[in-house]
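Engineer: Let me give you the structure first, and then I'll get to my questions.
The values are calculated or read from the model by the stated rules, or taken from the named source; none is laboratory data. Computed from a prediction, not measured in an experiment: that's the story for all the values here. Counting neighbours? That spans all protein chains shown, and the Cβs are built from the backbone with ideal geometry, glycine included.
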Ligand code: ADP
C-alpha cells in the first residue's frame, strides 16, 4: 500500500491558521501557520524558478533560523531533497559532501558567505542564495517576488525528504536518507512519549543540521500543530532565562549532556522556576548520572533518549516517571520500533547480557545516499539495522547503552570518528603511525587525543600536527592533545590496540 505523506503545514494552516507555528528569537519574527504556509509556498515557487524539481538536492548552510524550516517544507512541496550542512565543518569537508550529494542550489547564511561560495565553486553548484535572518537578501527578495501556482504533488511515505550527513567508520561522511515515513513515525513516537500537543512550545537550540535539532522535538512539534521557538545558537544564560520565562512558556526541549552541564553552571539556574516545562530530553551521548540527579533535585526530570540520524532518531526513551528510578537507562523502544541485542554470531543474548543493539521499524533509514554496497551490509537478512552501539537490558526490560563497538567518541554532542582524523594526520610526511582516541573531558564529555609515532629524522612537533588538523577538519574533531610516542601497541595482525594506549 502506498501511503501519502501529507503536508503538515498546509494541514495546520487549514485547521488552525492563527496558531503560532514558529518564533525566530534572533530576528523576532513570529509566523502563524497561515503565514508560514504562504512563505513556504512562495519559497517553493522561487526554488522552482531556479530549476529545482523532483529529487533535486537543496543544500543549506545556516545557523538555526526559521528560514531553515521553511526550506525543509518547501523542498517537500517540490518533491526535492533537503540537504542541511554542518557549519562547523571545514571547506574541504563541505566540498566532499557537496560533490557526493550534488545539490542544485546552496542557500547560505551571510555569516558563512566566504566558505559557502568557495564550496559552490569547488563543487560546481549551479545556484547560490544568501539568507540574512529576515534581512535584505536574495532569499527574501525571491520569496517577495515569487508568483504563479505550484503544481499539486503528492509525496509517498517511502520518498526521501532529507539527506543528512554523518561521519562514518569508513572515514568519510555518508548521507543518511531520511524518508517521510521516518519523520512521521518519529513524530508519532515523540508525541506519545513526551506529551506533545497543540499548545506545546518546543525550543530548538541544537543545530538543525543534526537530527536532534531537526527531529527532536522540532518536526514532531510541527506535525502536532504546536509552536517552535528557534534559538540561533546555544547560549546557557539565555537558555536558562528562556526556559523559566513564564510569558514565553516553553514546554519542551532536547539537549545533549554538554548543554545541561552548562545550564547547571549558570548563575540563574539555582533560583529559576521551570514549572512550565513538560519535558526536557537528554540524548546524543551518555548522560552523566550525577547530572540527572542534580536536575531531579530541582524537580526537573531529564528524560534520557537514545537515537541515531539513521533511526529517525528516537529509538529508546525513558518516561518522565522513571527518569530517576531508572537513572542511566535510555528507556524502552517506542510503539512501532523493534529492538534486539545480539552476540557476535547474531544470536539474541540472554536478558542482562551485553551485545550489539539492532533496530527495525518505519523510523529506520533505507540506507545511505550513493552507498549501495554499504547499504546491504548495514542490515541483517531480516531487516534489522546494525547500530554499532553496545546495550543490555535490566530485569524489567529497560535498555542501557553501555559502550560502542564502532570506533567513535562524542565531543559536545558531535560524533567524532577517529579514522577520519587519523587519515588527516597521515597526510603529514613525517608521520609513521598514529591513533586517535577520545579521553574524558568535564565540559565536552570527551575530546580527542592523538598518539603519533614519527619517522626517523622527521621535523614535526605537536603544534604542527594540531595546526594541520585545524586547516582540514571541523574544530570539534581537532585533537586537543598530541602525544609523540616511540611506538604504538599492536595485536598479532598489526591493528593498533587503542585500549592499551596510556590514558592519563
Ligand atoms: P544523535 O543526534 O542522536 O547523536 P547521531 O547519529 O549523531 O545522532 O549519533 C548517534 C550515536 O550517538 C549513537 O549511535 C550512540 O553511539 C550515541 N548516542 C545517542 N544517544 C545516546 C545515549 N542516550 N547514550 C549513549 N550514546 C548515545
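Engineer: Could you check, for the range 145-160, whether at least one of its residues is in contact with a helix residue (DSSP H, G or I) (Cβ under 7 Å, 6 or more places away or on another chain) and within 16 Å of the ligand (Cβ to nearest atom)?
Structural biologist: For the range 145-160, residues in contact with a helix residue (DSSP H, G or I) (Cβ under 7 Å, 6 or more places away or on another chain) and within 16 Å of the ligand (Cβ to nearest atom): absent.
Here's the yes/no breakdown for (1) in contact (Cβ under 8 Å) with a residue 40 or more places away in the chain; (2) more than 15 Å from the ligand (Cβ to nearest atom); (3) surrounded by 19 or more Cβ atoms within 10 Å (Cβ to Cβ):
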{"position": "179", "(1), (2), (3)": "yes, yes, yes"}
{"position": "182", "(1), (2), (3)": "yes, no, yes"}
{"position": "198", "(1), (2), (3)": "yes, yes, no"}
{"position": "201", "(1), (2), (3)": "yes, yes, yes"}
{"position": "208", "(1), (2), (3)": "yes, no, yes"}
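Engineer: For the list (1) in the same structural domain as residue 173 (by TED's automatic domain parsing); (2) more than 12 Å from the ligand (Cβ to nearest atom), I need the number of the one condition that residue 315 fails.
Structural biologist: Of (1) in the same structural domain as residue 173 (by TED's automatic domain parsing); (2) more than 12 Å from the ligand (Cβ to nearest atom), only one is false for residue 315: (2).
Engineer: I've got another one for you. Which condition breaks for residue 312 when tested against (1) surrounded by fewer than 23 Cβ atoms within 10 Å (Cβ to Cβ); (2) modelled with pLDDT of 95 or more; (3) at positive phi?
Structural biologist: So the condition that residue 312 fails would be (1).
Engineer: Of the conditions (1) in contact with a strand residue (DSSP E or B) (Cβ under 8 Å, 6 or more places away or on another chain); (2) farther than 30 Å from residue 176 by Cβ; (3) within 16 Å of the ligand (Cβ to nearest atom), residue 243 clears all except one; give me its number.
Structural biologist: Condition (3) is where residue 243 drops out.
Engineer: Find the residue count for the range 271-284, including only residues that are within 16 Å of the ligand (Cβ to nearest atom) and either within 14 Å of residue 240 (Cα to Cα) or surrounded by fewer than 17 Cβ atoms within 10 Å (Cβ to Cβ) (or both).
Structural biologist: So the count comes out to 1.
Engineer: Now for a separate question. For residue 343, only one of the following conditions fails: (1) within 21 Å of residue 284 (Cα to Cα); (2) in contact with a strand residue (DSSP E or B) (Cβ under 9 Å, 6 or more places away or on another chain). What is its number?
Structural biologist: (1)
Engineer: Next question, about the same structure. So for the range 110-117 (the condition being over 29 Å from residue 241 (Cα atoms) and crowded, with 20+ Cβ neighbours inside 10 Å), does at least one residue qualify?
Structural biologist: Yes; the residues of the range 110-117 include at least one that is over 29 Å from residue 241 (Cα atoms) and crowded, with 20+ Cβ neighbours inside 10 Å.
Engineer: I'd like to check which helices (runs of 4 or more DSSP H) are fully inside the range 1-115 and have at least 2 residues that are touching a residue at least 24 places away in the same chain (Cβ under 8 Å) and farther than 28 Å from residue 157 by Cβ.
Structural biologist: 91-101
Engineer: Do we have residue 372 as more than 30 Å from residue 240 (Cβ to Cβ), away from the ligand (no atom under 16 Å from the Cβ) and surrounded by fewer than 21 Cβ atoms within 10 Å (Cβ to Cβ) here?
Structural biologist: For residue 372, the condition - more than 30 Å from residue 240 (Cβ to Cβ), away from the ligand (no atom under 16 Å from the Cβ) and surrounded by fewer than 21 Cβ atoms within 10 Å (Cβ to Cβ) - is met.
Engineer: Moving to a separate point now. Would you kindly identify the strands (runs of 3 or more DSSP E) lying entirely within the range 125-231 that contain at least 3 residues that are more than 23 Å from residue 281 (Cα to Cα)?
Structural biologist: Counting at least 3 such residues, we get 127-131, 160-166, 174-179.
Engineer: Exactly one of these conditions fails for residue 166: (1) buried (at least 22 other Cβ atoms within 10 Å of the Cβ); (2) closer than 16 Å to residue 308 by Cα. Give me its number.
Structural biologist: Failed condition: (1).
Engineer: If residue 362 satisfies all but one of (1) more than 18 Å from residue 188 (Cα to Cα); (2) away from the ligand (no atom under 15 Å from the Cβ); (3) in contact with a helix residue (DSSP H, G or I) (Cβ under 6 Å, 6 or more places away or on another chain), what's the number of the condition it fails?
Structural biologist: Residue 362 satisfies every listed condition except (1).
Engineer: Among (1) part of a strand (DSSP E or B); (2) surrounded by 18 or more Cβ atoms within 10 Å (Cβ to Cβ), which single condition is residue 440 missing?
Structural biologist: Unmet condition: (2).
Engineer: For residue 256, only one of the following conditions fails: (1) away from the ligand (no atom under 14 Å from the Cβ); (2) out of contact with any strand residue (DSSP E or B) (no Cβ under 6 Å at 6 or more places or on another chain). What is its number?
Structural biologist: (1) is the only condition that residue 256 fails.
Engineer: Given 459, 423, which one is outside the structural domain of residue 207 (by TED's automatic domain parsing), surrounded by fewer than 18 Cβ atoms within 10 Å (Cβ to Cβ) and touching a residue at least 60 places away in the same chain (Cβ under 8 Å)?
Structural biologist: Going through 459, 423 in turn, the sole match is 423.
Residue-by-condition table, conditions (1) crowded, with 24+ Cβ neighbours inside 10 Å; (2) part of a loop (DSSP other than H, G, I, E, B); (3) outside the structural domain of residue 263 (by TED's automatic domain parsing); (4) away from the ligand (no atom under 14 Å from the Cβ):
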residue: 286; (1), (2), (3), (4): no, yes, no, no
residue: 296; (1), (2), (3), (4): no, no, no, yes
residue: 300; (1), (2), (3), (4): no, yes, no, yes
residue: 306; (1), (2), (3), (4): yes, no, no, no
residue: 344; (1), (2), (3), (4): no, yes, yes, yes
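Engineer: Taking the criterion of being within 20 Å of residue 263 (Cβ to Cβ) and at pLDDT 95 or above, would at least one residue in the range 165-188 satisfy it?
Structural biologist: No.
Engineer: Within the range 443-456, restricting attention to residues that are under 21 Å from the mean Cα position of the chain (by Cα) and part of a loop (DSSP other than H, G, I, E, B), which residue is surrounded by the fewest Cβ atoms within 10 Å (Cβ to Cβ)?
Structural biologist: 443
Engineer: Just the residues that are over 22 Å from the mean Cα position of the chain (by Cα) and crowded, with 18+ Cβ neighbours inside 10 Å, please, taken from the range 462-484.
Structural biologist: Answer for the range 462-484, where residues must be over 22 Å from the mean Cα position of the chain (by Cα) and crowded, with 18+ Cβ neighbours inside 10 Å: 465, 469, 482.
Engineer: Scan (1) within 13 Å of the ligand (Cβ to nearest atom); (2) on the phi > 0 side of the Ramachandran plot for the single condition residue 327 breaks and write down its number.
Structural biologist: It is condition (2) that residue 327 fails.
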